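The next block holds one structure in the form of structure tokens; read it before the comments.
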Amino acid sequence: EDKVVQSPLSLVVHEGDTVTLNCSYEVTNFRSLLWYKQEKKAPTFLFMLTSSGIEKKSGRLSSILDKKELFSILNITATQTGDSAIYLCVGNTGNQFYFGTGTSLTVIP
Amino acid sequence: DGGITQSPKYLFRKEGQNVTLSCEQNLNHDAMYWYRQDPGQGLRLIYYSQIVNDFQKGDIAEGYSVSREKKESFPLTVTSAQKNPTAFYLCASRGRGPGEKLFFGSGTQLSVL
């Protein structure tokens, strides 16, 4: 059965902290792994990872994929209150998308 | 601006009633998806459509129906057979090619009166 597992389920940090969100996957015919941020309601795209070991960065956010260990992490440095959201990890086979339960991040001022 | 529009934002259903959630996209995407989101759970696939006039059941299709008469539109009907319809419903679309990411609408919160 295809599945994506995220950890931790929730996290509370103080502004300025660095956080690491984890995602493991077992997806048949895997093509890519995606990260989304869900604030109000609509998830917004962060990263798509297809190759092992190549870090993708966008400002204070970065992510990397390990296709041997079937694992990805999302790092957020110098967290801000605006980073408070649910972060979704998604395994993609091309036509199908498998979602983890999400990690709820709360950043306290 | 291109995007996906879901309506209404909030919807209330009476027992025994069918309700329809609208999803329209102007991204010229072929594939469209409906997901259900419950607190503490990941998004679960209800139905998806790769092309006009064709759609497939997802993992939790019972109690739901869809149509895809136009490329831009993929409405979801929550029928009276769906006994626990209270949830947040997200519509998404994907561009041509299997490597494309999902684009999401802003969602509809459905509650039962």
Loop sites in the stretch B:18-85: GluC sites (Glu not before Pro), DSSP, at most 15 other Cβ within 10 Å: B:GLU62, B:GLU69
Net charge, B:ALA87 excluded, C-beta distance under 13 Å - Lys, Arg +1, Asp, Glu -1: +4
Pairwise label distance in nanometres, A:ARG60 with B:THR79, each label 7 Å out on the Cα-Cβ vector: 4.9 nm
Where Cα atoms sit under 28 Å apart: lysine pairs in chain A separated by 8 or more or lying on different chains: 19
Cysteines (scope the protein assembly as shown) whose Cβ has no counterpart Cys Cβ under 4.7 Å: none
Total formal charge among the other residues, if their Cβ is under 13 angstrom from that of A:THR101, Lys/Arg +1 and Asp/Glu -1: +1
Electrostatic dipole magnitude of the stretch A:1-105 [Cβ: Lys, Arg +1; Asp, Glu -1; Cα centre; debye, to 20]: 280 debye
Positive dipole terminus of chain A, leading residue within A:ASN22, A:ILE73, A:SER62 (C-beta point charges): A:SER62
Shielding of B:100-112 by partner chains, average beta-carbon count, 10 Å: 4
Around A:ASN92: net Lys/Arg minus Asp/Glu count, Cβ-Cβ under 10 Å: +2
Loop-resident sites, chain A, for GluC sites (Glu not before Pro), counting at most 16 other Cβ within 10 Å (DSSP): A:GLU1, A:GLU15, A:GLU39, A:GLU55, A:GLU69
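Note down the magnitude of the dipole of the stretch B:1-104 about its Cα centre, charges +1 on Lys and Arg C-beta and -1 on Asp and Glu C-beta and zero elsewhere, to the nearest 20 debye.
140 debye
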Stretch in chain B that is longest and holds no trypsin sites (Lys or Arg not before Pro) that DSSP places in a loop and that have at most 14 other beta carbons within 10 Å: B:15-82
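Bear in mind that the values in this text are calculations on the coordinates, not laboratory data. Bear in mind the structure is a predicted one, so any value in this text is a computation, not a measurement. Quick reminder, even Gly has a Cβ in these numbers, built from the backbone with ideal geometry, and neighbours come from all protein chains shown.
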